[in-house]
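Heads up, the thing below is written out as structure tokens.
The values are calculated or read from the model by the stated rules, or taken from the named source; none is laboratory data. Quick caveat, the model's predicted, so the values are computed rather than measured. Don't worry about glycine lacking a Cβ; one is built from the backbone with ideal geometry, like all the others, and counts go over all protein chains shown.
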């Protein structure tokens, strides 16, 4: 693959025995939005970066409540493609904000959802519970919410006009971790979910994700003694959906070594995975640079076209 200069595609492990597992959304009437939190101190993202500048101009077409926990309503912020109607069978691009599981809002990822809606897909930016001081929420609950959302999408696919077998899940940092959780962490589920519905999507596109929750990675103390249950690098298996990961070698928040280890594990078991590397890139590098953001979108489009998930 031809590089654009600042990106080098180093680890294309597109193993031929790919398994595209079936993947598979919400009363279509809007529910009140609930905005919360901020980016964690550990993140070098800034309030005025490229993606936030794009997000400030965007507004979802509808907000759908996919889950209620106590008095908390969790939302999907939905961007509809041109000509969308209920009953369509469109591909769906779900994106999940980062923030160390402690901050962030769906608005952070609006540009990603809108980009793919403009290409004919249903774009969704997801809200999930956050780990905040005084609350009982843990990163395992963030994982449960992500898996609940995918089950909701599949169960309400007709109402949202999507094909349940053509759902792609993406996300940045902790949101990338929650995205990967939809396929990796069997058994970490909300007991109120319909567990007969698989949360596994058709493809994953994590952006600089939390990929190792051991003491060598990120979030070990936040995850506590159950850290290994939700550590992506410790749960690689052959049945995972095709995956495209974006990562910077200079990432010290979610260390790049975790991405290399994940890719190596994928090679061992024959799961299809590609790693796009930004030389020297810090955590969240593609959020700050317009050219790198655009390149990420183009590479993601090519990946989805190859999988016949984007026409």
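Summary table
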{"item": "First in the stretch 282-297 and farther than 18 Å from residue 114 by Cα, second anywhere and part of a loop (DSSP other than H, G, I, E, B) and modelled with pLDDT under 95, Cβ under 6 Å, 6 or more apart", "result": "282/44; 283/44; 284/45"}
{"item": "Failed criterion for residue 300 (all others in (1) more than 20 Å from residue 100 (Cβ to Cβ); (2) more than 15 Å from the chain's Cα centre (by Cα) hold)", "result": "(2)"}
{"item": "Selection status of residue 47, more than 18 Å from the chain's Cα centre (by Cα), in a loop (DSSP other than H, G, I, E, B) and either at pLDDT below 95 or surrounded by 17 or more Cβ atoms within 10 Å (Cβ to Cβ) (or both)", "result": "yes"}
{"item": "Some residue of the stretch 88-99 being surrounded by fewer than 21 Cβ atoms within 10 Å (Cβ to Cβ), assigned to a loop (DSSP other than H, G, I, E, B) and at pLDDT below 95", "result": "no"}
{"item": "Residues satisfying the stated conditions in the stretch 257-276, i.e. surrounded by 20 or more Cβ atoms within 10 Å (Cβ to Cβ), touching a strand residue (DSSP E or B) at 6+ places or on another chain (Cβ under 6 Å) and more than 22 Å from residue 113 (Cα to Cα)", "result": "259, 263, 266, 273"}
{"item": "Candidates 130, 119, 140, 150, filtered to the one that is out of contact with any strand residue (DSSP E or B) (no Cβ under 6 Å at 6 or more places or on another chain), part of a helix (DSSP H, G or I) and surrounded by fewer than 24 Cβ atoms within 10 Å (Cβ to Cβ)", "result": "140"}
{"item": "Residues of the stretch 205-218 satisfying the condition of being out of contact with any helix residue (DSSP H, G or I) (no Cβ under 6 Å at 6 or more places or on another chain) and crowded, with 24+ Cβ neighbours inside 10 Å", "result": "208, 218"}
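Every residue, every condition in (1) at pLDDT 95 or above; (2) crowded, with 24+ Cβ neighbours inside 10 Å; (3) farther than 26 Å from residue 84 by Cβ; (4) in contact with a strand residue (DSSP E or B) (Cβ under 6 Å, 6 or more places away or on another chain), yes or no:
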residue: 158; (1), (2), (3), (4): yes, no, no, no
residue: 174; (1), (2), (3), (4): yes, yes, yes, no
residue: 181; (1), (2), (3), (4): yes, yes, yes, no
residue: 189; (1), (2), (3), (4): yes, no, yes, no
